[in-house]
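K.L.:
Please see the structure below; I have some questions.
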Amino acid sequence: MEVYLDNAATTRAAEPVVQLMEKVLREDYGNPSSRHQKGVEAERYVCQAKKTIAKALKCLESEIVLTSGGTESNNMALIGMAEANKRAGKHIISSCIEHASVYQPLLFLEEQGYEVTFLPVDKNGLVRPETLRAALRPDTILVSIMMVNNEIGAVEPIEELAKVVHETNPRTLFHVDAIQGFGKLPIYPKRIGVDAMSVSGHKLFGPKGSGFLFVRERVKIRPYLFGGGQQKGMRSGTENVPAIAGLERAVALYLAEAEERREKLYALKEAFVSKVSKLPGAQVFGIFSEENGTPLAERLRRTAPHIVSVGFRGVRSEVLLHALEEKGVYVSSGSACSSNHPAISGTLSGIGVPAEYLDATLRFSFSHENTPEQIDYVISCLSELLPVLGRFRRG
């Protein structure tokens, strides 16, 4: 049996997405900037994508910038907004558990003379509003907090944080990395005070190399790609029409079934967590403690529906990952992007995970294509492997 539980890293493109992209590549291959019919046909896909995304977010089409994915969207937002607003100040706030595509641009901005404050999180991976309020200063120009943590599935109180930001300093901009949240949980950025929001297409059954950045109207942001002036000068360069068409189709398909898929994901997550928790030495992180006997299902609802982080005492994560792979089970040992530069997870350290679990934790991430039978198979594999692999733990 093959079981793919690494959907937080990437998802398989939906068949309608693949079919549409093939049509665009073969038939509607014009340059959107060309004024002949082929160009007009290509431009329709770009316009339709912005229309579908704007409808999903309840925003204006002009507030959508199509990008190559989450990393570009995050870089564009952080560097672009910082550079456009630096006369007002050079202080930026983020959290200690952000994705590398947020953390690294912030380090770059530090090198350019900006000051970045990285806020701590509580044991559940949440930024507390009072912590943010205390860190805000008159020269704070930007705050960037992720919607859903990509390792443990913590759901940040974005609406509360946005309110704190704008009440304390109305000029401060608020950016959200919604790469793991969009399509899984509802979010309408303009309604809750978000000024910019990043999304990636391949996390929701769209193609790699696709994504978008929401930028609220009248927010100052400096572009850093110059050339043909596409997308009103915000991102020059010929648009990747096949990927954009695939992104549009993925957004339309996913959001049409968002609630149904979300319910299925929570059911899978509850089944998995309830079973994996019973394995010797296993500990699930980021699902809140039992507060006054709160049922597991209710506690899980406070987290993202698709991500589970589990530590297995005495078994190195890389060893267990490859042992599961041999049985057809695909998981990850953390963020797929950070695996290019292996190190102790900043997220796990940030929530106070015991040292013995820091290199012994795997991330299981589900999609609506997974089944209860697959969950049972994974638990069976873990039950078989853990006692064996535990014998070879480092002394």
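The values are calculated or read from the model by the stated rules, or taken from the named source; none is laboratory data. From a predicted model like this one, the values you see are computed outputs, not experimental measurements. We place every Cβ from the backbone using ideal geometry, glycine too, and count neighbours over all the protein chains shown. In case anyone asks, the SASA skips ligands and DNA or RNA and just uses the protein heavy atoms, side chains included. Shrake-Rupley method; radii C 1.70, N 1.55, O 1.52, S 1.80 Å.
K.L.:
In the stretch 365-395, which residue that is modelled with pLDDT under 95 and not in a helix (DSSP H, G or I) is nearest to TYR254 (Cα to Cα)?
P.N.:
In this case the residue turns out to be ARG393.
K.L.:
For a quick check of your reading: which helices (runs of 4 or more DSSP H) sit entirely within the stretch 228-336 and have at least 2 residues that are farther than 30 Å from ASP28 by Cα?
P.N.:
Hits in the stretch 228-336: 258-276, 296-300, 317-326.
K.L.:
Okay, moving on. Quick test for you: out of ALA100, ALA54, ALA88, ALA82, pick the one residue that is under 28 Å from ALA256 (Cβ atoms) and either modelled with pLDDT of 95 or more or out of contact with any Ser or Thr (no Cβ under 9 Å at 6 or more places or on another chain) (or both).
P.N.:
The match here is ALA54.
K.L.:
Assuming GLY352 fulfils every condition listed in (1) in contact with a Cys (Cβ under 6 Å, 6 or more places away or on another chain); (2) at pLDDT below 95 apart from one, which condition is it?
P.N.:
Every listed condition holds for GLY352 apart from (1).
K.L.:
Give the residues of the stretch 107-118 that are open to solvent by 20 Å² or more (accessible area, probe 1.4 Å) and over 27 Å from ILE287 (Cβ atoms), sorted by residue number.
P.N.:
If the condition is that a residue be open to solvent by 20 Å² or more (accessible area, probe 1.4 Å) and over 27 Å from ILE287 (Cβ atoms), then LEU107, PHE108, GLU110, GLU111, GLN112, GLY113, GLU115, THR117 are the ones that fit.
K.L.:
Which pairs do you get when a residue that is in contact (Cβ under 8 Å) with a residue 12 or more places away in the chain and farther than 20 Å from ALA250 by Cα, found in the stretch 25-53, comes within reach of a residue that is open to solvent by 100 Å² or more (accessible area, probe 1.4 Å) and in a loop (DSSP other than H, G, I, E, B), reach meaning Cβ atoms under 9 angstrom, with the pair 6+ apart or on two chains?
P.N.:
GLY30/HIS36
K.L.:
Further question on the same structure: Can you say whether VAL176 is within 24 Å of THR361 (Cα to Cα), surrounded by 18 or more Cβ atoms within 10 Å (Cβ to Cβ) and of a type in the set (A, V, I, L, M), as far as the supplied structure shows?
P.N.:
No, not satisfied.
K.L.:
Among the candidates TYR45, TYR29, which residue alone is surrounded by fewer than 18 Cβ atoms within 10 Å (Cβ to Cβ) and farther than 30 Å from GLU326 by Cβ?
P.N.:
Unique residue meeting the criteria: TYR29.
K.L.:
I need a count of the residues in the stretch 183-234 that are farther than 19 Å from ARG171 by Cβ, β-branched (Val, Ile, Thr) and open to solvent by 10 Å² or more (accessible area, probe 1.4 Å).
P.N.:
Result for the stretch 183-234: 1.
K.L.:
So for the stretch 117-128 (the condition being under 23 Å from ASN169 (Cα atoms) and among the basic types (Lys, Arg)), does at least one residue qualify?
P.N.:
Taking every residue of the stretch 117-128 in turn, at least one turns out to be under 23 Å from ASN169 (Cα atoms) and among the basic types (Lys, Arg).
K.L.:
Considering each of VAL102, VAL121, VAL24, VAL17 in turn, give the residue that is touching an Asp or Glu at 6+ places or on another chain (Cβ under 6 Å), open to solvent by less than 50 Å² (accessible area, probe 1.4 Å) and not small (Gly, Ala, Ser).
P.N.:
Result: VAL102 is the single residue among VAL102, VAL121, VAL24, VAL17 that is touching an Asp or Glu at 6+ places or on another chain (Cβ under 6 Å), open to solvent by less than 50 Å² (accessible area, probe 1.4 Å) and not small (Gly, Ala, Ser).
K.L.:
Would you check if ALA56 is over 24 Å from the mean Cα position of the chain (by Cα) and open to solvent by 10 Å² or more (accessible area, probe 1.4 Å)?
P.N.:
No, not satisfied.
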